[in-house]
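Before any comments, here is the structure.
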Amino acid sequence: MRRVGVFQMPSLGADMDSGKVLEWLVSPGDTVHRGDVIAVVDTAKAAIEVEVFHDGVVTALLVEPGESVAVGTPLATIDEQPAHRAPAETGDTAEPGPAGEASSDREPVPPLSPPVRHLAHQLDVDLSTLQGTGPDGAITREDIRSAARVPPEQPLPSQSPPSMSTTKSEEPLPVDAGRGPATRAETPADRIRATPRARRVAAEQGLDLSAVDGSGPHGAVTEADVMGAIGEDRTPPPAEGHHVDHKQAMRAAIASLMGRSAREIPHYYVSQTIDFAQPLQWLRRHNAELKPRQRVLPVVLLLHATVRAALQVPDLNGHWVDDGFAGSEAVHLGVAVATRTGGLITPTIRDAQEHDVDSLMEHLRDLVKRARVGTLKAHEMQPGSITTTSLADGGADTLHGVIYPPQVALVGFGAIAERPWADQGMLTVRPTLTVTLAADHRASDGRTGAAFLTALSQALTQPEES
Amino acid sequence: MNHTQARTLVLATLADVAPEIDVEDLDPGVSLRDGADLDSMDFLDYVSTLSEAIGSDIPEDDYGQVDTVGAAVAYLASRTA
């Protein structure tokens, strides 16, 4: 078998030197495809799902879960698929799906990506009972989530509201210290039925689940069973130390990157106050035709305009590397997202220039959600070409940001609020906001910055453009 | 939907979209956006969930009527009466 690639510890943001493999989602022998999530890596800021960049078969995992290694360290080897050995057999017919999917004597279930299998395992869903709704009947993550919510053997009588929150809280958090390597390589057939909560508690207590008699449906081990086996009647308090450590680690990562920015980047700032009445009117009309979940937030118009401005003023879109500016043709838009624990994480919308307002909104909604529960993917943590940060919800009128190195510009949005506004010789009241550009003076001058703001303000009047 | 059901729905929805908020202790008169720290994304999520639960649209013009727990309970009860 030919080696097609070595899977390395990726750099997940400019502030990352090393990462810890939290979990492998594949085992040696598994077929993987470019884009499959195959590992979960913990950086100081968050647990990130890391995708593989090659098609092939995993031949060896070189790093144990729990081990921290430097960026670039080989984590796994990926070899060519054995299916390629007999070209005569294959002929012209394109082999559908992964031909290397270990045993051919299994029933022909649609191929499952490692993340899907992993989620099923996490939520304790039996894949053989599922009807896939994906392409060619493939089982999707959503199918598994629905199945986890409503077990077929005991359907809920109705979607009573309180069940929403209970179900949610039963779902294991993606960053789960208790979810250990012990459960990763099992197949659905030989694993022990247990609720996610029971698994977590058992792992925390170092209890072997196979030693516990289950009292749940199909003999599933429940949390109560685990607690009974441990001989306690209360759930132990969550490991507080871990939480505090993580918060400190996040502050340390932010401190390191922002400190570097302040030391290395000679910032300059230009700002402009923009009449936001017309964009808001456009948005009102646009949203009136949409269901609440599809409606676009005002901040998305600002993101859209930032992307247009970055295309028009390319000197601010790119990286400062080796004493020179390397521009980027695409706009990879970093979006600073506040996490619920008081931290900040800046995932990237890749190729943002290809998205219209609705599509940007969809991406933003998805990114914010996943940034907050800790299921961002590695490609979303690659540094953007320009970053935005917003206090549009209130709190501050202007935001003079700190640039994320190696980027050369950061756009800060202040609160949108009604303020006095002079228009054609009259004083009126309009919703306005102040946009402030922080830029790297090594890469550009104030004139360029001002041109950027003009372009941004102009683009706000053309939200349809994409 | 009576007031008790509407209140259950509102509190469950809030607990779901903003787990850091202690919904039981929330002042029913406080603005969710300005007082309870729901950001615009959370608020959109909250309105979407309520709208889906009652099976009818909550237009943007009505957002002010669901911005406190008390107002939202009255609004939902009247919309589903």
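The values are calculated or read from the model by the stated rules, or taken from the named source; none is laboratory data. It should be emphasised that the depicted structure is a prediction, and the values quoted were computed from it without experimental measurement. Every residue, glycine among them, receives a Cβ derived from its backbone with ideal geometry; neighbour counts consider all protein chains shown. Each accessible area value is taken on the protein alone, full model and side chains, heavy atoms only, with ligands, DNA and RNA left out. Shrake-Rupley method; radii C 1.70, N 1.55, O 1.52, S 1.80 Å.
Between a residue in the range A:448-466 that is under 22 Å from A:Ala277 (Cβ atoms) and any residue that is among the acidic types (Asp, Glu) and open to solvent by 30 Å² or more (accessible area, probe 1.4 Å), which pairs come within a Cβ distance under 8 Å, given they are 6 or more apart or on different chains?
So the pair list comes out as A:Ala459/A:Glu465; A:Glu464/A:Asp356.
Can you tell me which residue is most open to solvent (accessible area, probe 1.4 Å) among those in the range A:54-82 that are polar (S, T, N, Q) and over 24 Å from the mean Cα position of the chain (by Cα)?
The qualifying residue most open to solvent (accessible area, probe 1.4 Å) is A:Thr59.
Which numbered condition trips up A:Ala326, out of (1) open to solvent by less than 10 Å² (accessible area, probe 1.4 Å); (2) under 16 Å from A:Tyr404 (Cβ atoms); (3) touching a His at 6+ places or on another chain (Cβ under 8 Å); (4) of a type in the set (A, V, I, L, M, F, W, C)?
With (1) open to solvent by less than 10 Å² (accessible area, probe 1.4 Å); (2) under 16 Å from A:Tyr404 (Cβ atoms); (3) touching a His at 6+ places or on another chain (Cβ under 8 Å); (4) of a type in the set (A, V, I, L, M, F, W, C) applied to A:Ala326, the lone miss is (1).
Kindly list the number of the only condition in (1) closer than 15 Å to A:Val408 by Cβ; (2) within 14 Å of chain B (Cβ to nearest Cβ) that fails for A:His286.
(1)
Could you please give the count of residues in the range B:39-61 that are of a type outside the set (A, V, I, L, M, F, W, C) and in a helix (DSSP H, G or I)?
Residues that pass the stated criteria total 10.
So B:Ala12 passes all but one of these: (1) buried (at least 18 other Cβ atoms within 10 Å of the Cβ); (2) free of Cβ contacts under 8 Å to residues at least 12 places away in the same chain; (3) within 10 Å of the chain's Cα centre (by Cα); (4) within 20 Å of A:Arg284 (Cβ to Cβ). Which condition number does it fail?
It fails just one condition, (4).
Considering each of B:Gly70, B:Gly64 in turn, give the residue that is more than 10 Å from every other protein chain (Cβ to nearest Cβ), part of a helix (DSSP H, G or I) and touching a Gly at 6+ places or on another chain (Cβ under 7 Å). Working first, answer last.
Numbers: B:Gly64 fails: touching a Gly at 6+ places or on another chain (Cβ under 7 Å).
On inspection, the qualifying residue turns out to be B:Gly70.
Please find, among A:Ser256, A:Ser271, the residue that is modelled with pLDDT of 95 or more and either away from chain B (no Cβ under 14 Å) or out of contact with any Cys (no Cβ under 7 Å at 6 or more places or on another chain) (or both).
Every option except A:Ser271 fails the conditions.
Looking at the range A:351-459, what strands (runs of 3 or more DSSP E) fall wholly within it and have at least 3 residues that are farther than 29 Å from A:Ala46 by Cα?
A:417-423, A:426-440
I'd like the full set of residues that are over 14 Å from A:Leu433 (Cα atoms) and open to solvent by 10 Å² or more (accessible area, probe 1.4 Å), limited to the range A:284-308.
Passing the criteria: A:Arg284, A:Arg285, A:His286, A:Ala288, A:Glu289, A:Leu290, A:Lys291, A:Arg293, A:Gln294, A:Leu297, A:Arg308.
Taking the condition open to solvent by less than 30 Å² (accessible area, probe 1.4 Å), in contact (Cβ under 8 Å) with a residue 12 or more places away in the chain and not acidic (Asp, Glu), does A:Leu391 pass?
No; evaluated as a whole, the condition is false for this residue.
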